[in-house]
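The values are calculated or read from the model by the stated rules, or taken from the named source; none is laboratory data. What you see is a predicted model; the values in this text were computed from it and never measured. Don't worry about glycine lacking a Cβ; one is built from the backbone with ideal geometry, like all the others, and counts go over all protein chains shown. Heavy atoms of the whole protein, side chains included, go into the accessibility calculation; ligands, DNA and RNA do not. Shrake-Rupley method; radii C 1.70, N 1.55, O 1.52, S 1.80 Å.
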Amino acid sequence: ADFDAKKKRKVAEIYQALNSDPIDVAALRRMAISEGGLLTDEIRCKVWPKLLSVNTDDLPPLPAGKELREDNKDYQQVLLDVRRSLRRFPPGMPDDQREGLQEELIDIILHVLKRNPQLHYYQGYHDIVVTFLLVVGDRLATALVEKLSTHHLRDFMDPTMDNTKHILNYLMPIIDQVNPEVHDFMQSAEVGTIFALSWLITWFGHVLSDFRHVVRLYDFFLACHPLMPIYFAAVIVLHRQQEVLECECDMASVHHLLSQIPQDLPYESLISKAGDLFVQFPPSELAKEAAQQQAERTAASTFKDFELASVQQRPDTVLRQRFRERLRGEERLRGEERTKSVLTKPRTNRFVKLAVMGLTVALGAAALAVVKSALEWAPKFELQIFP
């Protein structure tokens, strides 16, 4: 009963903020962040547009789907991704209703891309769009997603992944501030940050199976700075510090552990922890460390190799060449002794695993079919960018 009373009080406060003149957006932000978020989809329909300053009185009509789909360069990829998105719809939804929503989903995505040619579609974008579609319906979803795509998601929609990689580089400095031991363990395992890629670019929509948790997080992210999802990712890793430290200290094991996100996370306490960390260690303070990560990160510094590989070479030739160069460099630096120890460690293996993952990122999962041989080099390593 106490909970219900609290909920009623919160609903009343939200409507008070909505009805004040001018609308009290600061209060709406507080409500979206505080325990329970915005509570109902009915309220979200009213508050989400305010958080994104979208004018709901003046929504453009949606164009007919047919004209959008003809000669649209992204249509085939969007179609594939949307067809694969079955599990993002409530279980038990009738097929024809779901299929209707999937058609709307395709139209929203193509509409936003057509109106904003500077934006590039990426795999996982549809996971964000479907969340808005299910909560607010197609017309409002189109307006909200367009605003979001030109603001919060802007970095993910560049022609290259450079800015996305840069955002991922904030992850380790945040972890380092809170728990240096976990940070150092992850650095030793050389796990990188790729495990958090699908979390970040889908706002966790792709990896959480309970829709209520997804929309709760969207309340939070819409009310906050665009980098908040990376703080939330850090908080999930920190929440699992015990498991991480008990894991084998190698790239494959730690990557495997972290990319399997637990479904029973204590969302409310993690959300408030992420908010606290953001205030304690704002992005401006972490920027220098993030830039340093960029310079040191194995995956990032080998990324050029992946891009080369995707153009014309088998990645293993690039990797071997790179490995030889590294050995020569290390030999010069540390004399014969160092070389022996390097040769006895299975280091190439790590590069191969990174290369397979890097290709998935650089080329999209579809292109893995083209580089099927990738799987011949690393059959035991499961690709888990999008589990």
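Given the conditions (1) acidic (Asp, Glu); (2) surrounded by fewer than 19 Cβ atoms within 10 Å (Cβ to Cβ); (3) assigned to a helix (DSSP H, G or I), report the number of the one that Asp71 does not fulfil.
(3)
All but one of (1) in a helix (DSSP H, G or I); (2) touching a Lys or Arg at 6+ places or on another chain (Cβ under 9 Å); (3) at pLDDT below 95 hold for Asp219; state the number of the condition that does not hold.
It is condition (3) that Asp219 fails.
Restricting region 236-288 to residues that are among the basic types (Lys, Arg) and in a helix (DSSP H, G or I), which is farthest from Asp184 (Cα to Cα)?
Lys273
Looking only at region 32-46, which residues are assigned to a helix (DSSP H, G or I) and more than 24 Å from the chain's Cα centre (by Cα)?
Glu42, Ile43, Lys46
Among the residues of region 47-66 satisfying the criterion of being open to solvent by 40 Å² or more (accessible area, probe 1.4 Å) and within 26 Å of the chain's Cα centre (by Cα), which is modelled with the highest pLDDT?
Lys50
I'm told Gln16 meets every condition in (1) in a helix (DSSP H, G or I); (2) within 21 Å of Val145 (Cα to Cα) except one. Can you identify the failing condition by its number?
(2)
How about region 185-203: which of its residues are in a helix (DSSP H, G or I) and touching a His at 6+ places or on another chain (Cβ under 9 Å)?
Across region 185-203, the qualifying residues are Ala189, Ile194, Phe195, Ser198, Trp199.
What are the residues in region 281-295 that are more than 20 Å from the chain's Cα centre (by Cα) and either at pLDDT below 90 or not assigned by the TED database to the domain that holds Cys224 (or both), if any?
Of everything in region 281-295, those that are more than 20 Å from the chain's Cα centre (by Cα) and either at pLDDT below 90 or not assigned by the TED database to the domain that holds Cys224 (or both) turn out to be Ser284, Glu285, Lys288, Glu289, Gln292, Ala295.
Check whether at least one residue in region 204-212 is assigned to a helix (DSSP H, G or I) and under 30 Å from Ser53 (Cα atoms), and report yes or no.
yes
Among the numbered criteria (1) charged (D, E, K, R); (2) at pLDDT 95 or above; (3) open to solvent by 20 Å² or more (accessible area, probe 1.4 Å), which one does Glu35 miss?
Unmet condition: (2).
Identify, by number, the condition in (1) touching a Gly at 6+ places or on another chain (Cβ under 9 Å); (2) of a type in the set (D, E, K, R); (3) part of a loop (DSSP other than H, G, I, E, B) that Lys10 doesn't meet.
(3)
Only one of Thr150, Thr202 is polar (S, T, N, Q) and either crowded, with 21+ Cβ neighbours inside 10 Å or touching a Ser or Thr at 6+ places or on another chain (Cβ under 9 Å) (or both). Can you tell me which?
Checking each option against the conditions leaves just Thr202.
Per-residue answers, yes or no, for (1) within 20 Å of the chain's Cα centre (by Cα); (2) surrounded by 23 or more Cβ atoms within 10 Å (Cβ to Cβ); (3) over 23 Å from Tyr231 (Cβ atoms):
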{"residue": "Leu86", "(1), (2), (3)": "yes, no, yes"}
{"residue": "Gly100", "(1), (2), (3)": "no, no, yes"}
{"residue": "Asp127", "(1), (2), (3)": "yes, no, no"}
{"residue": "Pro159", "(1), (2), (3)": "yes, no, yes"}
{"residue": "Lys165", "(1), (2), (3)": "yes, no, no"}
{"residue": "Met172", "(1), (2), (3)": "yes, yes, no"}
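So that you can scan it fast, the table gives a plain yes or no per residue for (1) of a type outside the set (Phe, Trp, Tyr); (2) farther than 17 Å from Val182 by Cα; (3) surrounded by fewer than 19 Cβ atoms within 10 Å (Cβ to Cβ):
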position	(1), (2), (3)
Asp210	yes, yes, yes
Phe221	no, yes, no
Tyr231	no, no, no
His239	yes, no, yes
Asp276	yes, yes, yes
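Going through Leu86, Leu113 one at a time, which residue ends up being touching a Phe, Trp or Tyr at 6+ places or on another chain (Cβ under 7 Å) and closer than 22 Å to Val135 by Cβ?
Matching residue, one of Leu86, Leu113: Leu113.
Yes or no: region 206-222 includes at least one residue that is touching a residue at least 12 places away in the same chain (Cβ under 8 Å), among the acidic types (Asp, Glu) and touching a helix residue (DSSP H, G or I) at 6+ places or on another chain (Cβ under 8 Å).
Yes, because at least one residue in region 206-222 is touching a residue at least 12 places away in the same chain (Cβ under 8 Å), among the acidic types (Asp, Glu) and touching a helix residue (DSSP H, G or I) at 6+ places or on another chain (Cβ under 8 Å).
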